[in-house]
Amino acid sequence: MQHMTSQRTVSESNRSHILEHLYRNGVCSRAQIAQALNLTPAAITKITARLIDARVIEETGGIEGRKNRRSIGLTLDTDRFHVISVKFARSIVQMGIFDLNGGCLSSQTLPTVTDETIGETLQAIRTNIQTYLEHDDSILAVGMAVPGPYLRDVGRIAVVSSMQGWRKINFLREFADRFRVPVFVEQDARAGVLAHYLFDSVNTCDNLAYYLVGEGVGLGVMENGELINGSLGAATEIGHISIDVNGRPCDCGNVGCLERYCSAVAVHEEIVKRRLVAHASSMNHARACTALFAGAQDGDRRAQELVQEVGHYIGYGCVTIFNAFNPQRIVIGDIMSQGGARLLTAVREVVNQRAIPELNDSTTIALSHLSADATLAGGAATAIIQFLEHPSTFFDVS
Ligand SMILES: [Zn+2]
């Protein structure tokens with residue numbers, strides 16, 4: 001599924017395929033797994049024995065086999081293992097505990113972060129992770145979702161418009177090797193696409209884009225089940241694609257970046273400028289946008305106009321996503337997805353006018369409807385994918 005796949009040994013790869021098969025399909029017999037994965041029954045017996053010994057999977061009651069013979073089922077109990085997720089979104093940091101199905105068992109939002117309080121926030125996260133680990137033996141890993149462009153190998157974010165303080169933070173240095181479990185860091189929209197790939201029951205395709213429109217604007221694209229990363233890990237940064245070569249300047253050095261028109265930061269500026277929400281200047285970006293959507297819902301015509309404008313900008317981004325990546329499905333998530341049907345209608349207006357008809361006809365655009373916040377769930381998915389792909393990192397199964 002991911003870039004590390006090519007580095008796995010054959011036996012780790014087979015082990016991973018068995019785990020993923022059980023993860024996707026629930027209870028299966030050894031014979032069913034052998035057939036689905038085109039492996040010999042002897043190989044399945046050997047690998048599953050090690051996984052059972054290490055208590056990664058377990059045998060369950062008999063299931064109906066071929067010729068009505070009962071055979072023993074195998075299962076990966078997705079409730080039994082947990083992961084910690086941390087979502088970094090400029091001023092908002094959230095943490096949660098998830099099971100392997102993406103079920104959120106608990107979550108908390110840390111105090112609003114400013115450039116001056118980033119250090120305190122990092123310390124609070126470390127303390128909270130330690131406390132979670134002390135109280136829950138079943139936690140396998142920590143997954144973190146950070147704003148992009150995230151330089152994957154370095155561990156640092158290249159540009160954070162509106163909150164430059166995060167650029168100084170090296171996430172790998174701050175968090176790796178400090179706990180009894182491993183820590184994995186992923187760009188937030190890529191984490192979001194992993195969350196939809198693993199947890200969204202509606203999603204059946206593996207050419208999928210997650211279009212994050214929150215405090216920043218990001219994109220995660222999965223092609224044939226593989227994330228598109230780019231050489232530094234900074235590919236698919238839709239937020240910094242210019243939609244107006246003479247437009248508003250952006251912290252990244254470009255001009256007219258999409259993020260300058262439809263991020264929660266940009267929309268918040270517009271809300272204040274147009275005086276659409278009382279006391280908007282003292283609110284955080286998310287609250288101001290939520291108030292805007294509530295106003296539009298209650299019939300405030302000027303609020304409705306801004307929601308429509310924002311939807312149009314998001315639509316320009318969709319057209320670029322169509323042309324650059326041709327996914328089967330684009331899921332729009334984060335703060336702006338609260339705009340609901342009104343926003344989605346405006347997105348589709350632009351797409352219907354500007355997208356190549358064949359691409360438009362074959363691409364679904366939907367709002368995220370994961371039960372948890374997609375980026376927070378994405379942190380969990382980042383960790384869970386590692387467990388499914390590299391089980392020997394987590395358990396002695398080789
Ligand atoms: Zn930019």
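The values are calculated or read from the model by the stated rules, or taken from the named source; none is laboratory data. Computed from a prediction, not measured in an experiment: that's the story for all the values here. Cβ placement follows ideal geometry from the backbone for every residue including glycine, while neighbour counts extend to all protein chains displayed.
Some points to look at:
- Pairs meeting the criteria (first residue in segment 210-224 and over 16 Å from Val160 (Cβ atoms) and at pLDDT below 95, second residue part of a loop (DSSP other than H, G, I, E, B) and not aromatic (Phe, Trp, Tyr), beta carbons under 6 Å, at least 6 apart or on different chains) are Asn224/Asp206.
- Test: Gly239 is on the phi < 0 side of the Ramachandran plot and not β-branched (Val, Ile, Thr): yes
- Of everything listed in (1) buried (at least 19 other Cβ atoms within 10 Å of the Cβ); (2) under 28 Å from Leu344 (Cβ atoms); (3) more than 16 Å from the ligand (Cβ to nearest atom); (4) not small (Gly, Ala, Ser), the single unmet condition for Phe175 is (2).
- Qualifying residue in segment 316-327 (condition: within 13 Å of Val267 (Cα to Cα) and of a type in the set (S, T, N, Q)): no
- Tally, over segment 212-234, of residues that are away from the ligand (no atom under 15 Å from the Cβ), assigned to a loop (DSSP other than H, G, I, E, B) and surrounded by 18 or more Cβ atoms within 10 Å (Cβ to Cβ): 3
- Per-region count, segment 189-211, residues in a loop (DSSP other than H, G, I, E, B) and touching a Pro at 6+ places or on another chain (Cβ under 6 Å): 1
- Given (1) closer than 27 Å to Glu134 by Cβ; (2) at pLDDT 95 or above, number of the condition Leu74 does not satisfy: (1)
- Any hit, segment 61-71, residues being buried (at least 20 other Cβ atoms within 10 Å of the Cβ), in contact (Cβ under 8 Å) with a residue 24 or more places away in the chain, more than 22 Å from Leu100 (Cα to Cα) and outside the structural domain of Phe171 (by TED's automatic domain parsing): no
Let's see how each residue does on (1) farther than 29 Å from Arg287 by Cα; (2) within 15 Å of the chain's Cα centre (by Cα):
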position: Asp188; (1), (2): no, yes
position: Tyr211; (1), (2): no, yes
position: Gly214; (1), (2): no, yes
position: Gly218; (1), (2): no, yes
position: Leu232; (1), (2): yes, no
position: Asp244; (1), (2): no, no
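- Segment 339-390, residues that are surrounded by fewer than 16 Cβ atoms within 10 Å (Cβ to Cβ) and either polar (S, T, N, Q) or under 21 Å from Glu226 (Cβ atoms) (or both): Thr345, Asn352, Gln353, Leu359, Ser362, Thr364, Ser371
- So Glu186, is it modelled with pLDDT of 85 or more and either assigned to a strand (DSSP E or B) or within 16 Å of the ligand (Cβ to nearest atom) (or both): yes
- Condition met for Gly26 (more than 29 Å from Val159 (Cβ to Cβ) and either free of Cβ contacts under 8 Å to residues at least 40 places away in the same chain or in the same structural domain as Ala383 (by TED's automatic domain parsing) (or both)): no
- Considering segment 235-310, the qualifying helices (runs of 4 or more DSSP H), each wholly inside and each with 1 or more residues that are surrounded by fewer than 20 Cβ atoms within 10 Å (Cβ to Cβ), run over 264-273, 285-297.
- Screening Thr127 against (1) surrounded by 15 or more Cβ atoms within 10 Å (Cβ to Cβ); (2) out of contact with any Leu (no Cβ under 7 Å at 6 or more places or on another chain) leaves a single unmet condition, (1).
- Annotation note: of Arg342, Arg329, Arg354, the sole residue that is of a type in the set (D, E, K, R) and in contact with a strand residue (DSSP E or B) (Cβ under 6 Å, 6 or more places away or on another chain) is Arg329.
- Of all residues in segment 266-286 being modelled with pLDDT of 95 or more and closer than 13 Å to Ile335 by Cα, the one that is nearest to the ligand (Cβ to nearest atom): Ala266
Conditions (1) at negative phi; (2) without any contact (Cβ under 8 Å) to a residue 40 or more places away in the chain; (3) touching a Leu at 6+ places or on another chain (Cβ under 8 Å); (4) among the aliphatic types (A, V, I, L, M), marked per residue:
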position: Cys104; (1), (2), (3), (4): yes, no, yes, no
position: Ile118; (1), (2), (3), (4): yes, no, no, yes
position: Thr121; (1), (2), (3), (4): yes, yes, yes, no
position: Glu134; (1), (2), (3), (4): yes, yes, no, no
position: Tyr150; (1), (2), (3), (4): yes, no, no, no
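- Just so you know, in segment 148-171 the residues that are within 16 Å of Gly230 (Cβ to Cβ) and within 14 Å of the ligand (Cβ to nearest atom) include one that is surrounded by the fewest Cβ atoms within 10 Å (Cβ to Cβ), and it is Ala158.
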